Amino acid sequence: IMQMALLARLSLASSEGRESSLEERHAGSDEQTSEQSTKEAFQASHFDSDSQVRLGRSSVNDNLPNTRQLDEECDINDGMIRVPGDRTNYSSDASGEVADRGLSISSAPQRENVILPRLGHVCMEGPFVQRQTSDKGFPRIISSLSMDARDDFSAIENQVRELINDLGSDSIEGQRSATSEIRLLAKHNMENRIAIANCGAINLLVGLLHSPDAKIQENAVTALLNLSLSDINKIAIVNADAIDPLIHVLETGNPEAKENSAATLFSLSIIEENRVRIGRSGAVKPLVDLLGNGSPRGKKDAVTALFNLSILHENKGRIVQADALKHLVELMDPAAGMVDKAVAVLANLATIPEGRTAIGQARGIPALVEVVELGSAKAKENATAALLQLCTNSSRFCNIVLQEDAVPPLVALSQSGTPRAREKAQVLLSYFRSQRHGNSGRR
């Protein structure tokens with residue numbers, strides 16, 4: 001009875017808190033250098049969770065790599081983009097179990113400054129947390145909590161251990177019930193996520209991604225999505241060889257399972273080394289398929305995952321080869337509601353020759369010029385960065401851009417855009433002038 005009362009208090013505290021806001025690790029300030037701001041893209045990644053867990057702003061922005069290239073990576077605007085899970089509190093243009101605004105995308109893990117209404121404040125990177133290696137093969141978190149909080153934590157662990165027995169059973173109903181309960185527990189707060197991981201649930205959940213039962217598969221992938229909000233769990237999930245099973249769900253699951261698989265891949269790819277593993281594991285093609293054929297939420301999940309993967313140079317070619325450009329150009333239609341997200345990915349891909357060729361073939365240049373004229377502040381930045389790449393690397397593309405009457409909106413942007421947008425617009429206009437004078441001289 002005491003345990004049930006405790007769990008009820010925990011659940012109530014979580015629902016009352018609505019505290020979820022995975023703070024964007026790349027807070028993409030316009031005042032930062034263009035190279036660094038590109039790493040901070042997709043600024044308000046909207047993790048749509050029933051119980052929203054508010055994570056403090058990441059402190060790792062200073063560690064973001066500087067590419068020293070022309071917009072090696074791009075920014076997304078301040079609009080919401082989500083990594084989803086459960087859709088019960090679906091809002092804005094984002095969806096998912098964890099409605100966290102501003103998912104960070106730095107190359108280093110973000111700090112989890114967790115607000116726990118019942119269990120108190122726990123800073124996972126602070127001096128009161130010890131990490132030990134458990135017999136499950138991933139770090140175990142031991143917090144120096146108060147006695148009451150420690151008892152609460154133990155109660156959750158005891159409940160999870162009971163559920164784990166059902167996860168490993170041969171009963172379909174038992175597995176459905178256990179995955180559903182773990183999925184719910186993982187939504188509530190960071191302490192629950194730590195307890196679930198400590199008890200060894202991650203390996204079992206990864207195994208259930210291959211379940212022939214659609215509901216078990218959906219619950220398992222959504223539970224992993226929620227667990228992945230912890231950076232420690234991100235590592236544990238990847239170490240449990242979850243990437244290939246997640247791709248399996250992406251290819252075979254029901255619509256919600258596919259959406260949440262894409263969202264989980266996005267969440268995992270916040271850690272830079274995971275982008276390499278995910279890209280090399282064959283995730284790009286099914287993500288592009290979801291981008292083209294998924295539900296609206298599925299497309300948003302796919303484009304966020306592809307953006308994160310496109311930060312890594314070796315993944316850009318994979319994304320282009322998977323024929324993503326035609327879908328990205330289609331999503332630049334304002335009616336799709338994903339202009340900012342699509343143009344951010346497209347601008348990243350414009351930094352490689354095959355990406356520029358594919359943009360031209362997909363008739364992406366008129367769409368980019370339209371975004372420079374009519375898009376949001378962040379979209380204008382990224383569209384101008386893409387046009388700069390296209391024009392400075394191809395006289396043919398440069399002529400097409402001029403034929404699309406790009407100069408007036410670029411002039412306006414050079415005077416009134418964000419600092420980065422003004423810079424890119426001025427460089428591009430200067431390039432146009434130098435080309436015109438050069439051609440006059442040759443005559």
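The values are calculated or read from the model by the stated rules, or taken from the named source; none is laboratory data. Note that the structure is a prediction, hence the values are computed from the model and not measured. All Cβ positions, even for glycine, are placed from backbone atoms using ideal geometry, and neighbour counts span all protein chains on display. These area figures cover heavy atoms from the full protein model, side chains too; ligands, DNA and RNA do not enter into them. Shrake-Rupley method; radii C 1.70, N 1.55, O 1.52, S 1.80 Å.
Which length gain, in nm to one decimal place, applies between residue 169 and residue 354 when the Cα-Cα distance is subtracted from 0.36 nm times their residue separation? Intermediate values should be presented prior to the final figure.
Numbers: separation 185, 0.36 × 185 = 66.60 nm, distance 4.95 nm.
Full extension from residue 169 to residue 354 adds 61.6 nm.
The three principal axes of the Cα atoms in segment 145-249 give end-to-end lengths of 43, 28, 18 Å, sorted in falling order. Across segment 378-384, rounded Karplus estimates of 3J(HN,Hα) from the backbone phi angles (6.51 cos²θ - 1.76 cosθ + 1.60, θ = phi - 60°) give 6, 5, 4, 4, 5, 5, 5 Hz, Gly and Pro being marked x. Surface exposure of segment 151-233, expressed per residue as accessible area with a 1.4 Å probe, stands at 29 Å².
Tally up the carbon and sulfur contribution to the accessible surface of segment 298-443 as a whole percent, 1.4 Å probe, everything protein left in place. If you can, show how the numbers build up before the last one.
Working: 2670 of 5740 Å².
Heavy-atom surface of segment 298-443 belonging to carbon and sulfur, 1.4 Å probe: 47 percent.
In this label model, residue 433 and residue 314 are separated by 4.3 nm, measuring between points 7 Å along each Cα→Cβ vector. When its C-alpha radius of gyration is set against 2.2 N^0.38 Å (N residues), segment 253-354 gives a value of 0.95.
Residues whose amide H comes within less than 5 Å of that of residue 295, counting only those at least five positions distant or on another chain, are absent (H built at 1.01 Å from N in the peptide plane). Residue ranges 381-388, 423-430, 325-332, 190-197 sort as 381-388, 190-197, 325-332, 423-430 when ordered by packing (mean number of other C-beta atoms within 10 Å per residue, highest first). Modelled spin-label separation between residue 254 and residue 277, with each label point placed 7 Å from Cα along the Cα-to-Cβ direction: 2.9 nm.
Computed from the C-beta positions of residue 402 and residue 177, the FRET efficiency with R₀ = 56 Å rounds to 0.35. The convex hull defined by the C-alpha atoms of segment 382-422 has an orientation-averaged projected area of 2.7 nm².
At an R0 of 41 angstrom, the distance between the Cβ atoms of residue 244 and residue 335 translates into a FRET efficiency of 0.70. Once the convex hull of all Cα atoms in segment 374-443 is built, its volume per residue stands at 79 Å³.
Per residue, how much accessible area does segment 344-433 show when a 1.4 Å probe rolls over the protein heavy atoms, in square angstrom? All intermediate terms of the calculation are to be shown ahead of the outcome.
Values: 3410 Å² over 90 residues.
I get 38 Å² per residue for this part.
In plain terms, the C-alpha convex hull of segment 312-376 casts an average shadow of 4.0 nm² when viewed from every direction. Counting Cα-Cα pairs of segment 228-300 in 5 Å increments starting at 0 gives whole-percent bin shares of 3, 18, 31, 24, 16, 6, 1.
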